[in-house]
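S.K.: The structure that follows is given in the form of structure tokens.
The values are calculated or read from the model by the stated rules, or taken from the named source; none is laboratory data. Note that the coordinates shown come from a computational prediction; the quantities given were computed from them, not determined experimentally. Backbone-built Cβ (ideal geometry, glycine too); neighbour counts: all protein chains shown. Accessible surface is based on the protein model in full, side chains and every heavy atom, while ligands, DNA and RNA are left aside. Shrake-Rupley method; radii C 1.70, N 1.55, O 1.52, S 1.80 Å.
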Amino acid sequence: MTAEPANALSVVPSSGALALDPFVVAVVLAMAAVTVLTKVGGIWIVRHVELSDRLEAGLSVLPGAIVIAVLGPELAAGGPAEWSAAGLVVLVMWKTESILLALVAGVLGVVGFRALL
Amino acid sequence: MEANVEPTDSSEANDDRQVSGTDDPQPSDANDDPQPSEPGRTPVTFGWDGVCAGFLTCAPIAIGVGGYGVAFGVLASQAGLSVAEAALMSAVVLAGASQIVAIELWADPIPVATIVLTVFAINLRYSLMGAALQPWFQSLSWKKVYGSLFFMADENWALTLRDLQSGNGRGAFLLGSGLAIWVFWVLSTVVGALVGGAVGDPTEYGIDFMLALIFVALAAELWDGRSSIVPWLVALAVAVVASALVPGQWYILLGGLAAAVVEVIRYDG
């Protein structure tokens, strides 16, 4: 932990909070480019191509399906403590619709359930 | 946070009304492309009032989005990104779920193709959401439309659609509400990245499992009732099997695409 100049970002040790690796920046810019493509692409397409309702239905399930695809193996690798915490997050989301409260409950749940189960 | 505002079923619901617009202030709309009559009724303007209205309406929600931002910042710094790199990603990508997945995929060396493809797949929904705004945006210049769409996120898109449908004609609402999201998203990322750098062993605080928890919360929001059951089961099954058989993180795309393909096949109008 080297003492950095007293600026607000110096809380983070070593490599430097302001470090910008050129390769990381390139990857981030590539991510930004494809994201912009998706954001402006839709309007461009509806002016030029007629999307079938069938294709739209398929595209509309993508966000949820991808979230589930990420979650599945991750939950499968966990145990009762992780599953209980996941259930707790769903419950708090349903009751409060607050992502912050749900995450706080979930993280506390993981720590607690791991100690108990 | 992802308010469930259904895109207007414009092509069907409004077809029979398209000839009613005798007082249509935008004659350019009157081509053979059937457009909903509502958007044409009020001229869509693009000005400061729209920016301000959007910003103020969205600010409380943007603060809530900051919850994700803090979480993203923590995860990004755990993955080895600097505060500046995490903030840059939030500033130029501005698409929460895809950023969090990208961080999940982050490794040394960085799997560039997997990350970029996955980000693209997750954000494909923005194409549909953007397309839903076309009836109101067609009278605006491309600069304004593209500039506004950069700031489109799930939350402010829903707010914007609601505002435009109510006939306010504030074309800059998307830009204003998006700016609110952008400001809080970047700030909260910085906060999260600073906190994440100060956290030592992640398992001690249950942070190692936080990404999964964020996705549980995301899933709870994206749940669309019964229609979600089949695609989600397909995605789950394919992802779990693929993660065991296919190296790398391709199971995410495979699960998502399998669900989309099944949905296309079983679609019955």
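S.K.: Mind ranking B:170, A:47, A:54 by accessible surface for me, highest first, 1.4 Å probe?
M.R.: Final ranking, largest accessible area leading: A:47, A:54, B:170.
S.K.: At a 1.4 Å probe radius, which order do B:226, B:266 fall into by accessible area, largest first?
M.R.: B:226, B:266
S.K.: Along the Cα→Cβ direction, 7 angstrom out, place labels at residue B:48 and residue A:98. What is the inter-label distance in nm?
M.R.: Once both label points are built, they end up 3.6 nm from each other.
S.K.: Let me ask something else. Take chain A, connect every pair of alpha-carbon atoms lying under 10 Å apart with a spring to form a Gaussian network, then pick out the residue of A:65, A:17, A:30 with the largest mean-square fluctuation.
M.R.: A:17
S.K.: Still on this model: Arrange the residues B:151, A:23 by how much accessible surface each exposes, largest first, with a 1.4 angstrom probe.
M.R.: Of B:151, A:23, the descending order of accessible area is A:23, B:151.
S.K.: Now for a separate question. Just to be sure I understand: with springs between alpha-carbon atoms less than 10 Å apart, which residue in A:63, A:73, A:22 has the highest mean-square fluctuation in the Gaussian network model of chain A?
M.R.: A:22
S.K.: May I pose another question? Can you compute log10 of I(q)/I(0) for segment A:15-106 with the Debye formula, treating each Cα as one identical point scatterer, at q = 0.12, 0.17, 0.21, 0.26 Å⁻¹?
M.R.: Debye intensities relative to I(0), on a log10 scale: -0.75, -1.02, -1.02, -1.19.
S.K.: Provide the gained length on full extension for the span residue B:56 to residue B:226, in nm with one decimal, where the gain is 0.36 nm per separating residue minus the Cα-Cα distance.
M.R.: Stretched out fully, the residue B:56 to residue B:226 stretch lengthens by 57.7 nm.
S.K.: Run the 1.4 Å probe and let me know the accessible area of residue A:116, rounded to the nearest 10 Å².
M.R.: Around 140 Å² of this residue is reachable by solvent.
S.K.: To the nearest hundred square angstrom, how large is the accessible surface buried between A and B, total for both chains, probe 1.4 angstrom?
M.R.: Between A and B, the summed buried area is about 6700 Å².
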